[in-house]
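Values in this text are rule-based calculations from the coordinates and carry no lab data. Nothing here was measured: the structure is a model prediction, and the numbers come from that model. Reconstructed Cβ throughout: ideal geometry from the backbone, glycine too, with neighbour counts over all protein chains shown.
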Amino acid sequence: MNFRIEKTLLLILFITLGCVPIPPEESDFSLNEKFGDYWYQGEAELTSYKLEQARYGEIHEGKAVLIFVTEGFSKKKQVKLDNPETAGDDHVTVMKLNFTKKFDTGIYPYSLMASVFTPVERNKYSNTLKVTASAQEWCGHTFTQLNLKGNQYKGSLKSYFESEGDQELTLNKTFLEDEIWNIIRLHPQSLPTGDFKIIPGTLFQRLKHLEFDIVKASAKLEEGPEESGLMQYHVHFEQPERDLTILFRKEFPHEIISWEESYKDGFGENAPTLTTKATKIETLKTDYWTKHNNEHAGLRKELGLE
């Protein structure tokens, strides 16, 4: 089918479903030849994981979900476009990740979520445009947002803690830990390796109540276990010291299989070094935004979330 005819059909789908992106012109970017067949069909990819989360010096069981979907995004307002077909030069197609974690600590639950908006055309837009993150637990909740403005990330933090309060911050444009997950899905060969600077992930920043900063890191991208068909990306953070390893499929669409994150967790100088782990349960490809009725509740069982 002619590419422009396909594009017109996708516009019709967008009006109907509300979450389908407009593919960039083919000449504007270089991605896997199967990219459009997988990511521009009006569906998101939902993958559930068994979670073992470090918190308060112990490991707590829970569930994590990675939700990947492409959609039209406003470069000016940095929000999802209501009408991308009329947005003109303001339109950019992004890979959006909604990353959720839920686990209990004793009597009370934690619910964490980060949203990451990374342009698909990495040859034109080399940095993620926006990240938001929220954390809810029975003591209260917090909200964080980072927006790329020129050569800087402008950020804000809303928190119930007196010592944090409401903050506005500015950081020089730098690689974000939060965008690692999207880059794996888009073009893992472009992940940074060797020594570089990085802004730590917003969910880690919330759990550890760290000030936003740019820190030193080193990374390597290498083959996974022999004949597994997997790759692994390992990042070592210097301050605070932490190691993150993500295991994903070498072949497109580079599905994320598991990850581990090790650091000191708990209180005091003698806090133990613990490892948060997440292991894949199941993947569904679906237009989940239309699956909101009681009859669709069984899909949660398919994902292993019930």
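Model label sites at Ile59 and Ser218, defined 7 Å from Cα along the beta-carbon direction, differ in position by 2.7 nm. With a Förster radius of 51 Å applied to the C-beta separation of Glu85 and Glu238, the computed FRET efficiency comes to 0.65. Using Cα atoms only, what is the angle between the long axis of helix 3-17 and the major principal axis of the chain, expressed in degrees (0 to 90) to the nearest 10? The answer is roughly 60 degrees.
Entry note, the chain: relative contact order of 16 percent, from Cα contacts under 8 Å with a spacing of 6+ residues. Pairs with C-alpha atoms separated by more than 19 Å, drawn from the list Lys50/Lys250; Lys34/Lys285; Lys80/Lys208; Lys130/Lys173, are Lys50/Lys250; Lys80/Lys208. Note on Thr273 and Gln41: their simple-model spin labels are 4.4 nm apart, each label 7 Å out from Cα toward Cβ.
The stretch between Lys75 and Thr105, if pulled fully straight at 0.36 nm per residue, gains 6.9 nm over its current Cα-Cα span.
At what distance in angstrom do the alpha carbon centres of the stretch 207-258 and the stretch 65-124 lie from each other? Using only Cα atoms to place each centre, the spacing works out to 20 Å. Partners of Lys264 within straight-line reach, counting aspartates and glutamates whose Cα lies under 14 Å from its Cα and excluding those fewer than 8 residues away in the same chain: Glu58, Glu238, Glu241, Asp243. Using equal-weight Cα scatterers in the Debye expression, the normalised intensity of the stretch 3-302 in log10 at q = 0.13 Å⁻¹ is -0.99. The helix-based estimate of mean residue ellipticity at 222 nm for the chain, built from -39,500 (n - 2.57) per DSSP H run of four or more residues and divided by its residue count, is -3500 deg cm²/dmol to the nearest 500.
The slack in the chain from Trp289 to Ser163, taken as 0.36 nm per residue of separation less the alpha-carbon distance, amounts to 41.6 nm.
Panel note: the C-alpha atoms of the stretch 142-254, placed on their principal axes, show extents of 52, 29, 24 Å (largest first).
For the stretch 3-302, the dipole from Cβ point charges (+1 on Lys and Arg, -1 on Asp and Glu) about the Cα centre works out to 520 debye, to the nearest 20.
Size of the stretch 62-190 from its Cα atoms: along the principal axes, largest to smallest, the extents are 49, 31, 31 Å. Taking the three principal axes of the alpha carbon atoms in the stretch 226-282, the coordinate ranges are 43, 24, 19 Å, sorted in descending order. GNM on the chain, alpha-carbon springs under 10 angstrom: the most fluctuating residue among Tyr49, Tyr233, Tyr38 is Tyr38.
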